[in-house]
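Here is the structure we will look at, set down as C-alpha cells.
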Amino acid sequence: PDVYGGVWDTWSRCYVRHGSPVEFKAHPGQLKLLDAFDDPTRRRTLALGSQGGGKTEGIILVAVLLALWNPGRCGGIVAPTRGRVKVVWRKFLKTLPAQWIRQIRPGDNEIVLVTGSVIQFFAAKRQARNSGSPFAGNDWFWAVEDEQQDMDDDSLTEVDARGRINAGFQVFSSATNEPYGSFQRRVKEYESNPTRAVVRFTGPDNSFTDL
C-alpha cells in the first residue's frame, strides 16, 4: 500500500511527517487505476465496465489522492450533466474525512482542502449549442471524468486543454461500456494509443458490492 499526504504544516505549507493513517477501501479493479500514477507516459486512463463495478468510486478515490499529491493546486471533476455532478459531489464529500476540508463552496462548485488544494466540479453539457465549454479558461493539475460515455469528443478535448500548466497532467475517467458507435471508437483509440489505457472491471470485481 502507498501513503499519500501526511501532517500538513500551515506555516511551511508542506507535509512534515506521516500522521495517523486514514485507510481507503479499494478493490482489485480500482487498484489498477492507481498503477497509472507511476507511469509518466500515461495521459489518460479509462475505467470501463458494467454498472455496479465501482467505477465512480474508483475515480473519486483517484481524485482524493491526486488532491493530496498536489497540495495547493487545482484539479477538476467533470460529469456529463448537473444531475450527475451532484452525485459525484456527494460521493467525494463522503469519501473525504471532514477534518481535511477547509471550505465547501456549493455556489462555486468548489471544495478547498486544508492543504490549499481546490477541487472544481463541472458539468460538460453546454447550456446552448453555440455556447462555449462550461470549464473553459480553468487551469488544472489533474482531472477526473465520470460517465465519460455520455460526453462528446469536444468536451474531452477541452478537459485535456485544462492541463496546459502541468507537463505531467493526467486524466482518469469512468465509463459504462455502452454500444454507442462513437464511444466504441474512442475505446479502441484508448487501447491502441500508448499514452492511454483501459482498465476493465465488472460487478464481481467489486468486493464491496452485494451480489
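The values are calculated or read from the model by the stated rules, or taken from the named source; none is laboratory data. Note that the structure is predicted; figures quoted are calculated from it, not measured. Note: ideal-geometry Cβ built from the backbone for every residue, glycine included; neighbour counts use all protein chains shown. With ligands, DNA and RNA removed, areas are computed over all heavy atoms of the protein, side chains included. Shrake-Rupley method; radii C 1.70, N 1.55, O 1.52, S 1.80 Å.
Some notes on this structure:
- Leading residue by the ranking (modelled with the lowest pLDDT) among those in region 69-90 that are basic (Lys, Arg) and farther than 19 Å from residue 140 by Cβ: 82
- Condition met for residue 19 (over 26 Å from residue 154 (Cβ atoms) and either without any contact (Cβ under 8 Å) to a residue 40 or more places away in the chain or among the aliphatic types (A, V, I, L, M) (or both)): yes
- Across region 103-154, the qualifying residues are those that are polar (S, T, N, Q) and under 19 Å from residue 198 (Cβ atoms), and the one among them that is surrounded by the fewest Cβ atoms within 10 Å (Cβ to Cβ) is 149.
- Residue list for region 188-204, filter: modelled with pLDDT of 90 or more and either more than 18 Å from the chain's Cα centre (by Cα) or of a type in the set (Lys, Arg) (or both): 188, 189, 191, 192, 193, 194, 196
- Restricting 149, 99, 120 to residues that are in a helix (DSSP H, G or I) and within 20 Å of residue 69 (Cα to Cα) narrows the list to 99.
- Complete set of residues in region 13-49 that are in contact with a Leu (Cβ under 8 Å, 6 or more places away or on another chain) and over 26 Å from residue 100 (Cα atoms): 45, 47
- Residue in region 2-20 that is under 20 Å from the mean Cα position of the chain (by Cα), of a type in the set (Ser, Thr, Tyr) and surrounded by 12 or more Cβ atoms within 10 Å (Cβ to Cβ) present: yes
- If the condition is being among the hydrophobic types (A, V, I, L, M, F, W, C) and buried (at least 20 other Cβ atoms within 10 Å of the Cβ), then region 71-91 contributes 74, 77, 78, 79, 85, 88.
Conditions (1) closer than 20 Å to residue 140 by Cβ; (2) in contact (Cβ under 8 Å) with a residue 24 or more places away in the chain; (3) in a strand (DSSP E or B), marked per residue:
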{"site": "25", "(1), (2), (3)": "no, yes, no"}
{"site": "29", "(1), (2), (3)": "no, yes, no"}
{"site": "33", "(1), (2), (3)": "yes, yes, no"}
{"site": "47", "(1), (2), (3)": "yes, yes, yes"}
{"site": "52", "(1), (2), (3)": "no, yes, no"}
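- Single condition residue 97 does not satisfy, out of (1) at pLDDT below 95; (2) open to solvent by 60 Å² or more (accessible area, probe 1.4 Å): (2)
- Any hit, region 56-68, residues being assigned to a loop (DSSP other than H, G, I, E, B) and either at positive phi or within 17 Å of the chain's Cα centre (by Cα) (or both): no
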